[in-house]
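The values are calculated or read from the model by the stated rules, or taken from the named source; none is laboratory data. Because the structure is predicted, anything quoted here is derived from the model rather than measured. Cβ atoms come from the backbone with ideal geometry, glycine included; neighbour counts cover every protein chain shown. Keep in mind that these areas ignore ligands, DNA and RNA; they rest on the heavy atoms of the full protein, side chains included. Shrake-Rupley method; radii C 1.70, N 1.55, O 1.52, S 1.80 Å.
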Amino acid sequence: NIYLKSFIIGIILVVISLIFGDSYLGLGMDTIKDTLNPDPFFARDLPWYAFLLKTLTTALTLSGGGSGGIITPIFFIGATSGHVF
C-alpha cells in the first residue's frame with residue numbers, strides 16, 4: 001500500500017529529525033552557503049557524517065513519494081563531503 005509506505009517513511013524521517021535536527025530535511029541552502037564560506041569556526045558545527053545523513057534522508061523522501069528535489073540535495077552532499085574530506 002502506497003499510503004502505508006509513505007506513512008512509515010514519514011515516521012522514520014521524523015525520528016531522524018528528532019535525533020539529528022531538522023537541517024537535513026529541507027533544501028539545506030544555509031548549510032551549503034556556510035560550508036562554502038571559509039570561516040574556520042564553522043568546521044566545529046558541521047558533523048563529518050552530514051553528507052551521509054542527507055543522502056539517507058533524500059533517498060527516503062524520494063522513495064516515499066515525496067518531492068525532495070534532486071539538484072539542491074546533490075549540492076548539499078557535494079559541499080559537505082568536500083568540506084569533510
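Quickly run through the range 76-85 and pick out the residues that are open to solvent by 20 Å² or more (accessible area, probe 1.4 Å) and either assigned to a helix (DSSP H, G or I) or more than 18 Å from Lys33 (Cα to Cα) (or both).
Step one: list which residues in the range 76-85 are open to solvent by 20 Å² or more (accessible area, probe 1.4 Å), which gives 77-78, 81-85.
Across the range 76-85, the qualifying residues are Ile77, Gly78, Ser81, Gly82, His83, Val84.
Can you spot a residue in the range 61-73 that is part of a loop (DSSP other than H, G, I, E, B), touching a residue at least 24 places away in the same chain (Cβ under 8 Å) and out of contact with any helix residue (DSSP H, G or I) (no Cβ under 7 Å at 6 or more places or on another chain)?
Checked against the condition, which is being part of a loop (DSSP other than H, G, I, E, B), touching a residue at least 24 places away in the same chain (Cβ under 8 Å) and out of contact with any helix residue (DSSP H, G or I) (no Cβ under 7 Å at 6 or more places or on another chain), the range 61-73 yields at least one hit.
Filter the range 1-16 for residues that are closer than 15 Å to Ala59 by Cβ and open to solvent by less than 90 Å² (accessible area, probe 1.4 Å) and give the result.
The answer is Ser6, Ile8, Ile9, Gly10, Ile12, Leu13, Ile16.
Scan the range 54-75 residue by residue and report those that are polar (S, T, N, Q) and open to solvent by less than 80 Å² (accessible area, probe 1.4 Å).
Within the range 54-75, Thr55, Thr57, Thr58, Thr61, Ser63, Thr72 qualify.
When Thr35 is evaluated against the numbered criteria (1) surrounded by 14 or more Cβ atoms within 10 Å (Cβ to Cβ); (2) at pLDDT below 90; (3) within 11 Å of the chain's Cα centre (by Cα); (4) farther than 30 Å from Leu4 by Cα, which criterion, by number, is the only one it fails?
With respect to (1) surrounded by 14 or more Cβ atoms within 10 Å (Cβ to Cβ); (2) at pLDDT below 90; (3) within 11 Å of the chain's Cα centre (by Cα); (4) farther than 30 Å from Leu4 by Cα, Thr35 is out only on (3).
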